[in-house]
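Visitor: Have a look at this one before I ask anything.
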Amino acid sequence: MSTVYDHNSKAGNAGDILKHVALIAALNSVTVAGRSIRFVDLFAGYGVNPIIAGNQWDQGLGRIHGRESESSNPDLRSYLDWYLSRPSLIGSLYPGSLLIAQDTLLASGREIGLTLYDISQTAIANLQQVYRGMDHRILHRAAQLSDPEIESADFLFIDPPGLKSEAQPEYPTLARLLAFTEVASNAAALFWLPVSADNDGSEGSKQLRDHGFTVSRAMWGAEYAAGSTLGCLLAYRLDADGTTRVQQALDAMFSLAGWQEAKGAELTH
């Protein structure tokens, strides 16, 4: 259900900085008593990614680097303090979503148990290196609806490389991904999905809302587009406080990056 995909060239881009501050905010709103939080990622990717000159990070990390003092939002402040407190970004490593999830929970004194799925051997090897010696499940295969880890998840993270289309028939449909959230009916959940010139996200937003998700749509405008991606959908299934917290974190990141000044850029909840 996953596809071979390499995120290195896109690490730290516009979609990542929004996705990752939303992930921090969402996890900070989730509580589980008496045991570690069971975090399941259907498309795990790399544990860390290199920041290399010429890659897409300049339209994400590059827009907020050096502006760390300009936000008071607590979830954005955590993100900035943890991942941007260095004199130069080039040559550093940017954490994947899984490492950010682990950092967030451990920082608040909570434990995390990861279940990570990916079909890329390169990504699996990277994950095994990053999480060596830790009691996490790293599975070199696609997730299945019948997997017990799905039903017992506390937090389900769904960040596919794309959705099925004529150009990418091997990618999953949104309906297929939503089926996982139905199996993990008691879990908090966070989606990230791309918005492009060919897919404005309206149909996806409707499907997600019909399944009980709140949806935020971020557009950073054609001036800052990376390839065909013009923006993203972030969809989350959280309690009322968690929903508000995610939206406040997204508003803060969008403002810090200066996208509200760009032609065609907007953030709607």
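Visitor: Which one, W220, Y236, N126, is farthest towards the positive end of the dipole of the range 116-269 when Lys and Arg carry +1 and Asp and Glu -1 on their Cβ?
Guide: My answer, from the dipole projection, is N126.
Visitor: Which of the three applies to the range 37-82, rounded, prolate or oblate, going by the alpha-carbon gyration tensor with a ≥ b ≥ c and a/c under 1.5 meaning rounded? Show your work: numbers first, answer last.
Guide: Numbers: a/c = 2.98, a/b = 1.18, b/c = 2.54.
Oblate shape, in that a/c is at least 1.5 and b/c is the bigger or equal ratio.
Visitor: Using a 7 Å offset from the Cα along the Cα-to-Cβ direction at both R209 and S108, what is the distance between the two label points in nm, to one decimal?
Guide: 2.8
Visitor: Hey, how much of the P(r) for the range 134-206 falls beyond 18 Å, as a percent of Cα pairs? Display every interim value, and only then the final one.
Guide: Details: 1172 of 2628 pairs.
That fraction is 45 percent.
Visitor: What ³J(HN,Hα) values, in whole Hz, does the Karplus curve 6.51 cos²θ - 1.76 cosθ + 1.60 give for the range 181-189 when θ = phi - 60°, with x put for Gly and Pro?
Guide: For the range 181-189, the Karplus curve yields 6, 6, 5, 8, 5, 9, 8, 5, 8 Hz.
Visitor: Across 5 Å bins from the origin, how do the percents of Cα pairs in the range 13-63 run, short distances first?
Guide: Distribution as computed: 4, 14, 19, 23, 16, 12, 6, 4, 1, 0 percent.
Visitor: OK, next. Can you compute the charge dipole magnitude of the chain about its Cα centre, using +1 on each Lys and Arg Cβ and -1 on each Asp and Glu Cβ, nothing else charged? Give it in debye, rounded to the nearest 20.
Guide: On the way: 20 positive and 30 negative charges, 55 e Å.
Charge dipole of the chain: 260 debye, to the nearest 20.
Visitor: Kindly write out, for the range 117-125 in residue order, the coupling ³J(HN,Hα) from the Karplus curve 6.51 cos²θ - 1.76 cosθ + 1.60 (θ = phi - 60°), rounded to whole Hz, with x marking Gly and Pro.
Guide: 10, 6, 9, 7, 5, 5, 5, 4, 4
Visitor: For the range 115-269, report the convex hull volume of the alpha-carbon atoms normalised per residue, in Å³, without decimals.
Guide: Numbers: hull volume 21.9 nm³, N = 155.
Per residue, the Cα convex hull of the range 115-269 comes to 142 Å³.
Visitor: With runs of 4+ DSSP H residues as the only contributors, calculate the mean residue ellipticity of the chain at 222 nm using -39,500 (n - 2.57) per run, divided by the residue total and rounded to the nearest 500.
Guide: -10000 deg cm²/dmol
Visitor: Continuing with this model, one more query. Calculate the dipole size of the range 2-73 relative to its Cα centre from +1 charges on Lys and Arg beta carbons and -1 charges on Asp and Glu beta carbons; express the result in debye to the nearest 20. Write down the numbers at each step before the final one.
Guide: Working: 6 positive and 6 negative charges, 47 e Å.
The dipole of the range 2-73 has a size of about 220 debye.
Visitor: Work out the charge dipole of the range 146-186 with +1 on the Cβ of Lys and Arg and -1 on the Cβ of Asp and Glu about the Cα centre, then indicate which of P148, V183, Y171 is farthest towards its positive end.
Guide: The residue sitting most towards the positive pole is Y171.
Visitor: Taking only C-alpha pairs under 8 Å that are 6+ residues apart, what is the relative contact order of the range 61-175 in percent? Provide the component values of the computation, followed by the final result.
Guide: Working: 65 pairs, mean separation 15.7, N = 115.
Computed over the range 61-175, the figure is 14 percent.
Visitor: Under the Karplus relation 6.51 cos²θ - 1.76 cosθ + 1.60, θ = phi - 60°, what is the ordered set of whole-Hz ³J(HN,Hα) values for the range 101-107, x standing for Gly and Pro?
Guide: Listing the rounded values in order: 4, 5, 4, 4, 6, 5, 5 Hz.
Visitor: What accessible surface, in Å², does a 1.4 Å probe find on H269, ignoring ligands, DNA and RNA and rounding to the nearest 10?
Guide: About 90 Å², rounded to the nearest 10.
Visitor: Right, here's the next one. Got a number for the accessible area of L230? Probe 1.4 Å, square angstrom, nearest 10.
Guide: Approximately 40 Å² of L230 is accessible to the 1.4 Å probe.
Visitor: Would you work out the Kirkwood radius for the range 40-170? I mean one over the mean of 1/r across all pairs of different Cα atoms, in Å.
Guide: Numbers: mean 1/r = 0.0602 Å⁻¹.
About 16.6 Å, per the Kirkwood formula over Cα pairs.
Visitor: Shape verdict for the chain, please, from the Cα gyration tensor: rounded (a/c under 1.5), prolate (a/b greater than b/c) or oblate. Intermediate values should be presented prior to the final figure.
Guide: Numbers: a/c = 1.26, a/b = 1.15, b/c = 1.09.
Rounded.
Visitor: Roughly how big is the range 54-203's charge dipole about its Cα centre, with Cβ charges of +1 (Lys, Arg) and -1 (Asp, Glu), in debye to the nearest 20? Don't skip to the end; give the middle numbers.
Guide: Working: 10 positive and 20 negative charges, 91 e Å.
I would put it at about 440 debye.
The values are calculated or read from the model by the stated rules, or taken from the named source; none is laboratory data. Quick caveat: nothing in here was measured; it's all calculated off a predicted structure. Note: ideal-geometry Cβ built from the backbone for every residue, glycine included; neighbour counts use all protein chains shown. Heavy atoms of the whole protein, side chains included, go into the accessibility calculation; ligands, DNA and RNA do not. Shrake-Rupley method; radii C 1.70, N 1.55, O 1.52, S 1.80 Å.
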